[in-house]
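The values are calculated or read from the model by the stated rules, or taken from the named source; none is laboratory data. Because the structure is predicted, anything quoted here is derived from the model rather than measured. Because the Cβ atoms are built from the backbone with ideal geometry, glycine has one as well, and the counts that use them run over all protein chains shown. Each accessible area value is taken on the protein alone, full model and side chains, heavy atoms only, with ligands, DNA and RNA left out. Shrake-Rupley method; radii C 1.70, N 1.55, O 1.52, S 1.80 Å.
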Amino acid sequence: MIMRRDINRYGFSTRAIHAGEEPSYDENASGDVITPIHLTTTYAWRNPSNRVSEYDYVRSSNPTRKAYETKLAAIEYVKHGLAFASGMAAENAVLQALTSSGDHIIGFDDLYGGTRRLFDKVYTNLPVSYIDLNDFALFEATVRPETKIVWIESPTNPLMKICDIAAVAEIAHKHGIIVVVDNTFLSPYFMKPAALGADVIVHSTTKYIGGHSDVLGGAVLTSDEGIFEKLKAIQNNCGAVLSPFDSYLNMRGIKTLSVRMEQHQRNAFAIARFLESHPRVKRVLYPGLESHPRHELVKRQASGFGGMLSFELEGRLKDAENVMEKLVLFVTAESLGGVESLIELPAKMTHVHVDKQTLEAIGISDTLMRVSAGIEDAKDLIADLEQALAINN
Ligand code: P1T
């Protein structure tokens, strides 16, 4: 195949569309413009010393997944991408590849509930300290000789907490600690954690990358050759890989990521501003609002604020449940990042397995609702919220 494009010269949207998908002008090839879904599980050899192509078996690699992994790496501005069957499978691969029993992990104190469950219930041989990563003195004091990883979400799920990734990475690297950033919420369109010092980036591609709430997937990205080799071995040896069909769907999703993210953000802003002025709303957590305590920091380390926000209602659990039941357009459901708007109650849904005491300590109350702004018309979403929040209807 003649490679005619140097993808590194191009901007985000050009990469999203063209990276990994060079048409073949080879006379014997069909000249596909779009990467096909290669459904074969195995590949021919001319003889036992000579394969026809670089591929031998689908789990190790296949052309559709390879194109997708190349595209993902290009939009995260890193060298290598690895696709997994879910976000949790990607996180599991990071832990398997980069830790051994007794290693210590430091996690931001408001990570996705499933990530906490993986740390606390599965990797019981890895002690974890959950801390506020905005407190650098506390971070330094929490570091142990066996600290291996600092695990960051920014914004966190669901409290939308932000930390200074470059500052955390500087401290971490002084101690030889690997910096992992879960970039699911902002997506590579709005934040490039590698430029801020992240060694490893993970994604639940089930969210904005896929973008249509119809493909489960995860990814790990890195420019570190040693880390990549370890992760690639885990991907092949443990086998939680993304299928060719799902790789194709995610590749298709990435092509519209930039336009979708702009609209998700526009709608999140409209919803956040509406909620901020509503008398029944106690507080709105959206990094785009001037009232967000780390608004200026997000402006520095990201190019946007994303489509996720949370808000707390005055009252009790029942009041929050009533509002959610009255919503017509917003669907009450877990997950996020799809074209349709979703709402959920972390204390009863995504974070239900985090103990009550921890939830209270970090500020996830019974009336905290998390919104994934879709790409519908903002005025319709606001009207839906307005009628659901109206008292006595
Ligand atoms: O669901 P899965 O693709 O396995 O991804 C797990 C995951 C990892 N990281 C973050 C930040 C996530 O939000 C998730 C999944 N989150 C939800 C399902 C949710 O509703 O928050």
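The C-alpha atoms of the chain define a longest principal axis, and helix 317-326 lies at about 70 degrees to it.
Estimated from helical segments only, the mean residue ellipticity of the chain at 222 nm is -10500 deg cm²/dmol, where each DSSP H run of four or more residues counts as -39500 (n - 2.57).
Largest accessible area first, the listed residues 30, 13 line up as 30, 13 when surface is computed with a 1.4 Å probe on the assembled protein chains. For segment 33-91 and segment 213-267, write down the distance between their C-alpha centroids in whole Å. One Cα centre to the other: 12 Å. Short to long, the 20 Å bins of the Cα pair-distance histogram for the chain hold 28, 55, 16, 1 percent of all pairs. Summarising the amide proton neighbourhood of residue 376: residues at separation of 5 or more, or on other chains, whose placed amide H is nearer than 5 Å comprise 341.
Each Cα pair under 8 Å and six or more residues apart adds its separation to the average, and for segment 7-254 the resulting relative contact order is 24 percent.
Taking every protein chain into account, the accessible area of segment 243-393 amounts to 43 square angstrom per residue (probe 1.4 Å). Of the beta bridges DSSP finds with both residues in the chain, what % are antiparallel, to the nearest 5? Just about 60 percent of them are antiparallel. Mean sequence separation of contacting Cα pairs (under 8 Å, at least six apart), scaled by the length of segment 60-183, corresponds to a relative contact order of 22 percent. Of the chain, which part is the longest with no chymotrypsin sites (Phe, Trp or Tyr not before Pro) in a loop (DSSP not H, G, I, E, B) and with at most 16 other C-beta atoms within 10 angstrom? With a cap of 16 other Cβ atoms within 10 Å, the longest stretch comes to 26-393. A convex hull fitted around the alpha carbon atoms of segment 296-393 yields 129 Å³ per residue. In the chain, the longest principal axis of the Cα atoms and the axis of helix 257-276 are about 10 degrees apart. Sequence-ordered 3J(HN,Hα) estimates for segment 336-348 from the Karplus curve with 6.51, -1.76 and 1.60 and θ = phi - 60° stand at 6, x, x, 5, 9, 6, 10, 9, 8, 10, x, 4, 10 Hz, glycine and proline given as x. To the nearest ten degrees, helix 63-75 and the longest principal axis of the Cα atoms of the chain are 50 degrees apart. Net length available on complete extension from residue 382 to residue 53 is 113.0 nm, with 0.36 nm assigned per residue and the Cα-Cα distance removed. With a 1.4 Å probe rolled over the protein heavy atoms of all chains, the accessible area of 358, 147 falls in the order 358, 147, largest first.
Shown in residue order for segment 171-179 are the 3J(HN,Hα) couplings computed by the Karplus curve 6.51 cos²θ - 1.76 cosθ + 1.60 at θ = phi - 60°: 5, 4, 5, 4, 9, x, 8, 7, 9 Hz (x for Gly and Pro).
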